[in-house]
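Take a look at the structure below.
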Amino acid sequence: MLSLTDSVTVLTGVGPKRLTALNQLGIATISDLLYYFPFRYEDLKVKDLSEAVDQEKVTLKGTVVADPVVSRWGPGKTRLNVRLLINHDVIMVTFFNQPYLKDKFEAGVDIAVYGKWDARRNSLTGVKVLAVQSADNPSFAAIYSTNKNVRQGTLVKLIREAFDNYQSVIPDLIPADIRERYKLVSEVELIAGMHFPESYPEAKQARRTAIFHEFFLYQLQLQVIKQADRHVENGLALPYQNAALKEFIKTLPFDLTDAQKRVVNEICLDLKAPAHMNRLLQGDVGSGKTIVAAIAMFAAVTAGFQAALMVPTEILAEQHYQSLQKLYAPMNVTVGLLTGSTTAKERRTLLADIESGRINIIVGTHALIQDAVVYHKLGFAVIDEQHRFGVNQRRVLREKGLQPDMLAMTATPIPRTLAITAYGEMDVSTIDELPKGRIPIETSWVRSNQVEQALSFVQKQLADNSQVFAITPLIAESEQMDLKNAEEIYATLAERFEPQYHVALLHGKLKDDEKNRIMTAFSNNEIQLLVSTTVVEVGVDVPNATVMMIFDADRFGLAQLHQLRGRVGRGKKKAYCLLIADPKNQQGVDRMTIMTETTNGFVVAQKDLELRGPGEVFGDRQSGLPVFKVGDPVADFASLQVAQQEVQKIFTVDPTFSQPAYAPLKAYLAQQKQNYQTLD
Ligand code: ADP
Ligand code: MG
């Protein structure tokens, strides 16, 4: 039986190597492949020479004037030049490193070439040779984001094969009446239209449906969670011991801010009450959300329950584990750490201790929601950097054990209307002040020709026994390039500062335990200068670090710069953020200026909104909103709302999906749940 959950290895030419490459793109099953959508289309239709725009891609058709000339211009590098007659004009076409194309360009043949037009030189840098088309046969090529192990062509071929073989088993998840009402296409048309459109209107129509489809399924999952709430008879009451809680707060190394006290109270009221808690805690970077979570988890433990803290990365899990152990040391609370790199042996003991209740508080990545993890008495679950998790992962966590009370934490302010639609009806607590005595971080914008001064400054800080982050540039869509950059910067800084200081390089390609080792060494001041790609970005807390140096800072968005800057200025010493950038446009200049002018996350978010517009801000991973593949919760807000209404209607009419029209949805939800429990 064909199933969309079949592995892509059923397709022609997908062996272990290609499978790994596809996995890197998040593609494991046929379904993943079919829903791996292009991010744009290329118009391959032949254009008139007069329509060609300088530095843009275009397809031109002409007659080859004379046989092409292939020349070498470096080791292994070739250039093929051929002249093409288009009506009365002659243009030059150049192909790099494809000498074998020579045969296609015999003098006198008609040929179409797709490439980049250079108006000044009257030349086309060829991308591909196309079959000669007639004007009434328009053609579009879908362009996918790929990595160096999977080429466009391979992806297209695989998608085509998957579609041809599996289209008969693609279910229509959106019920027919809804599709009719909103003029949406069927699921098969959606997939075909996204991947192989014959025209722009077709692609547009498919996209419109794909957006609704995505929002619809998202809202469906939110409703499942809400529905589960209603079924928990009276929810869970956690009658915590107030005296013990006060005692614990007294042992903390600092006084809580008023805002922290307020949100602790809000959370504790929810814990004690028999109703089910579903709360969002928002507060700027460095506002001290972790301690609030630690207090609330401690409360749950005094009520005789276990608590869990789920975080998006292993680095963060390790860090929270360390600091919680310290915090709870006087209180007789046992903490466990469970991640993907926990060894099999440790894991066995740990799972047994979680099940027996010997461990009170469990910190971990999404490993916490695997089937194998059986909690003794999980009463409270916290999700840090919650926007980094899918709604399904949250759902599985909350369905663990006793249906725990839930607290989700985020560093980004989210407009209320959006929050309601995107998250369902969460209660919101806000920490709106930073701990007292924080010296504001001083941010400077440094041009690349002043790097030397920046480095002397770093030298002084190091001499002062402080630590330094150096963040390396972000190159769009290529991890490989990011790494190369990081290695170069690392080499330069190591040469300059070693052996007096230890310099280390942290990047995403390292094994998780290696990353943890480096982070721990940095926390312990065994490493003084940490060169890193943005893997350090979320949540990392090293109070002795006083300098955040960001190379090519104009490549980062404001929200991300703010997050990165939030990694310093967490201790008693004055901290600095050095933005090294030579922005190429006004927006880049504006961004650097804003960063030097304010350290308030809310202001930064507001300015970001003004500069980029809501669509882009709330569409990206830093926004605090869930990440959608095709839909944009702001630009497509109407679709999001309609999806919410329609899903609510289904739940009112037929909450168990017993009608035949809803059978595919029922199957889909069951499948989703299973997927998330068998991760890793
Ligand atoms: P975030 O809200 O970004 O997760 P953290 O919880 O990591 O922030 O806290 C940032 C730093 O501030 C930590 O080093 C923490 O120990 C410290 N901190 C938290 N609350 C206070 C407080 N009330 N007074 C002083 N320092 C605090
Ligand atoms: Mg945090």
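General remarks:
- Checking each residue of region 253-275 against the condition of being under 30 Å from Glu646 (Cα atoms) and more than 16 Å from ligand 1 (Cβ to nearest atom) gives at least one match.
- Region 322-334, subset touching a residue at least 12 places away in the same chain (Cβ under 8 Å) and closer than 19 Å to Ala299 by Cβ, residue most open to solvent (accessible area, probe 1.4 Å): Pro330
- Qualifying residues in region 40-51 (those that are touching a Leu at 6+ places or on another chain (Cβ under 7 Å) and part of a loop (DSSP other than H, G, I, E, B)) - the one modelled with the lowest pLDDT: Leu44
- Spans of strands (runs of 3 or more DSSP E) in region 96-176 with at least 1 residues open to solvent by 70 Å² or more (accessible area, probe 1.4 Å) and at pLDDT below 90: 110-118, 123-130
- Of all residues making up region 556-603, the number that are among the β-branched types (Val, Ile, Thr) and buried (at least 24 other Cβ atoms within 10 Å of the Cβ): 1
- Residues satisfying the stated conditions in region 390-438, i.e. within 16 Å of ligand 1 (Cβ to nearest atom), of a type outside the set (A, V, I, L, M) and at pLDDT below 80: Thr412, Pro413
- When Leu324 is tested against (1) more than 16 Å from ligand 2 (Cβ to nearest atom); (2) at pLDDT 95 or above; (3) part of a helix (DSSP H, G or I); (4) of a type in the set (A, V, I, L, M, F, W, C), exactly one condition is not met: (1).
- For region 288-320, taking the residues that are more than 9 Å from ligand 2 (Cβ to nearest atom), within 27 Å of the chain's Cα centre (by Cα) and assigned to a loop (DSSP other than H, G, I, E, B), the one that is nearest to Asn265 (Cα to Cα) is identified as Pro312.
- Of the residues Leu368, Leu378, the single one that is in the same structural domain as Ser341 (by TED's automatic domain parsing), open to solvent by less than 20 Å² (accessible area, probe 1.4 Å) and within 30 Å of His562 (Cα to Cα) is Leu368.
- Residue match in region 451-465 (condition: within 16 Å of ligand 1 (Cβ to nearest atom) and modelled with pLDDT under 95): no
- Pair list, Cβ < 7 Å and 6+ apart or interchain, from region 141-166 residues that are under 18 Å from Val630 (Cβ atoms) and in the same structural domain as Gly13 (by TED's automatic domain parsing) to residues that are outside any strand (DSSP E or B) and of a type in the set (Val, Ile, Thr): Leu155/Thr146; Phe163/Ile191
- Exactly one residue out of Gln528, Gln563 is in contact with a His (Cβ under 6 Å, 6 or more places away or on another chain) and farther than 17 Å from Glu610 by Cβ, and it is Gln528.
- Top-ranked residue in region 272-286 [being within 16 Å of ligand 2 (Cβ to nearest atom) and part of a loop (DSSP other than H, G, I, E, B); ranked as nearest to Asp541 (Cα to Cα)]: Gly286
- The set of residues in region 301-355 that are of a type in the set (A, V, I, L, M) and closer than 16 Å to Leu245 by Cα comprises Val301, Ala303, Ala307, Leu324, Leu327, Ala329, Met331, Val333.
- Filter result for the condition that a residue is out of contact with any strand residue (DSSP E or B) (no Cβ under 9 Å at 6 or more places or on another chain), away from ligand 2 (no atom under 16 Å from the Cβ) and under 26 Å from Val540 (Cβ atoms), over Leu217, Leu269, Leu245, Leu252: Leu252
Quick grid of which residues meet (1) within 23 Å of Phe96 (Cα to Cα); (2) assigned to a loop (DSSP other than H, G, I, E, B); (3) more than 37 Å from the chain's Cα centre (by Cα); (4) in contact (Cβ under 8 Å) with a residue 12 or more places away in the chain:
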{"position": "Leu4", "(1), (2), (3), (4)": "no, yes, no, yes"}
{"position": "Asn23", "(1), (2), (3), (4)": "no, no, no, no"}
{"position": "Pro38", "(1), (2), (3), (4)": "no, yes, no, yes"}
{"position": "Leu60", "(1), (2), (3), (4)": "yes, no, yes, yes"}
{"position": "Asp67", "(1), (2), (3), (4)": "yes, yes, yes, yes"}
{"position": "Arg79", "(1), (2), (3), (4)": "yes, no, yes, yes"}
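- Test for Pro312: is it surrounded by fewer than 24 Cβ atoms within 10 Å (Cβ to Cβ), modelled with pLDDT under 90 and in the same structural domain as Leu402 (by TED's automatic domain parsing): yes
- Of all residues in region 335-345 being farther than 17 Å from Asp384 by Cβ and either within 16 Å of ligand 2 (Cβ to nearest atom) or in contact with a helix residue (DSSP H, G or I) (Cβ under 8 Å, 6 or more places away or on another chain) (or both), the one that is least open to solvent (accessible area, probe 1.4 Å): Thr342
- Checking each residue in region 352-400 for being of a type in the set (Asp, Glu) and more than 16 Å from ligand 2 (Cβ to nearest atom) picks out Asp353, Glu355, Asp371, Glu399.
- Test: residue in region 198-219 that is of a type in the set (A, V, I, L, M), under 22 Å from Pro633 (Cβ atoms) and open to solvent by 10 Å² or more (accessible area, probe 1.4 Å): yes
- Here Arg348 meets each of (1) buried (at least 24 other Cβ atoms within 10 Å of the Cβ); (2) without any contact (Cβ under 8 Å) to a residue 60 or more places away in the chain; (3) part of a helix (DSSP H, G or I) with one exception, condition (1).
- For region 7-26, filtering for residues that are of a type in the set (S, T, N, Q) and open to solvent by less than 80 Å² (accessible area, probe 1.4 Å) leaves 4.
- For region 188-207, the count of residues that are over 31 Å from the mean Cα position of the chain (by Cα), touching a residue at least 12 places away in the same chain (Cβ under 8 Å) and within 28 Å of Val292 (Cα to Cα) is zero.
The values are calculated or read from the model by the stated rules, or taken from the named source; none is laboratory data. If you're wondering where the values come from, they're calculated on a predicted model, not measured in any experiment. For neighbour counting, all protein chains shown are included, and Cβ atoms are generated from backbone atoms with ideal geometry for every residue, glycine included. When the accessible area is computed, the model is the full protein with side chains, heavy atoms only, and any ligands, DNA or RNA have been set aside. Shrake-Rupley method; radii C 1.70, N 1.55, O 1.52, S 1.80 Å.
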